[in-house]
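Worksheet for the structure shown next.
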Amino acid sequence: DAGVIQSPRHEVTEMGQEVTLRCKPISGHNSLFWYRQTMMRGLELLIYFNNNVPIDDSGMPEDRFSAKMPNASFSTLKIQPSEPRDSAVYFCASSFRGSVTEAFFGQGTRLTVV
Amino acid sequence: AQSVTQLDSQVPVFEEAPVELRCNYSSSVSVYLFWYVQYPNQGLQLLLKYLSGSTLVKGINGFEAEFNKSQTSFHLRKPSVHISDTAEYFCAVSDALGGTSYGKLTFGQGTILTVHP
């Protein structure tokens, strides 16, 4: 398996623009997680899905952030409008609730908002 | 809710020396415990995990960790480090409630391990 695939790897955008980050989980996994890594706050969970349904979005910082999982093989994290403080590395991870006893992480998307 | 404290933000060590990276956690429920490693510009890779059973767990690359419930600790150790172990290490917990997902993690702030020749 190719693992969790995220795109793009790097994104530079101007403040106010819409940004969409993409994630393809490992085939067969039914749980998907979006994490954000910053120097100030470390790694924090933004949202997670189980069977394509959002279960816990309490970590989503503001209404400017939204996430979707239209099917089992694809998820997006959208920021609209983007702000410089959104600059971070965003990780996607997947697992199989109940039988896969760890999360597998993608390579991350480094977002820079200027 | 859980919290994780990694007691050292940076640990410098010479090659072939032993190392211990310290992790303490706080939780009102039982937890599962994990150590992940992050190499520069890479994602996180699982080193080892404690779910149940023996409190001493062995992982990849010669690392091991011991779960101490009374001290709420899960320290990571390696008897002899290599240059290639230079990376950032994260301790993480998830709750052990029935039906939970092992990917819903609370992370510590990370420890940067630097191995010098």
- Item | Qualifying lysines (Cα of each under 27 Å from Cα of A:Lys68; at least 8 residues distant if same chain) | A:Lys24, A:Lys78, B:Lys104
- Note on the structure: Longest chain A segment clear of trypsin sites (Lys or Arg not before Pro) sitting in DSSP loops (not H, G, I, E or B) with at most 12 other Cβ atoms within 10 Å runs A:42-114
- Item | For B:Leu51, net neighbour charge (Lys/Arg +1, Asp/Glu -1) across residues whose Cβ lies under 14 Å away | +1
- In whole Hz, the Karplus estimates of ³J(HN,Hα) for region A:54-67 (6.51, -1.76, 1.60; θ = phi - 60°; x where Gly or Pro) are x, 9, 9, 10, 5, x, 5, x, 7, 5, 5, 9, 9, 9
- Task: Let me know the longest stretch in chain B that avoids all GluC sites (Glu not before Pro) found in a DSSP loop with at most 15 other C-beta atoms within 10 Å.
- Result: B:17-117
- Note on the structure: Ranked from fewest to most other Cβ atoms within 10 Å of their own Cβ, A:Leu21, A:Leu32 fall in the order A:Leu21, A:Leu32
- Message: Sequence gap at least 6, Cα distance under 8 Å: using those rules, report the relative contact order of chain B to the nearest whole percent.
- Response: 37
- Message: Tell me the relative contact order for chain A as a rounded percent, counting alpha carbon contacts under 8 Å between residues six or more apart.
- Response: 37
- Item | Antiparallel DSSP beta bridges within chain A, as percent of all bridges there, nearest 5 | 90
- Message: Considering only C-alpha atoms, what is the centroid distance from region A:44-85 to region B:1-77, in Å?
- Response: 28
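Each reported figure results from applying straightforward, stated rules to the coordinates on display, with no laboratory input. None of the values given here were measured: they were computed from a predicted structure. Backbone-built Cβ (ideal geometry, glycine too); neighbour counts: all protein chains shown.
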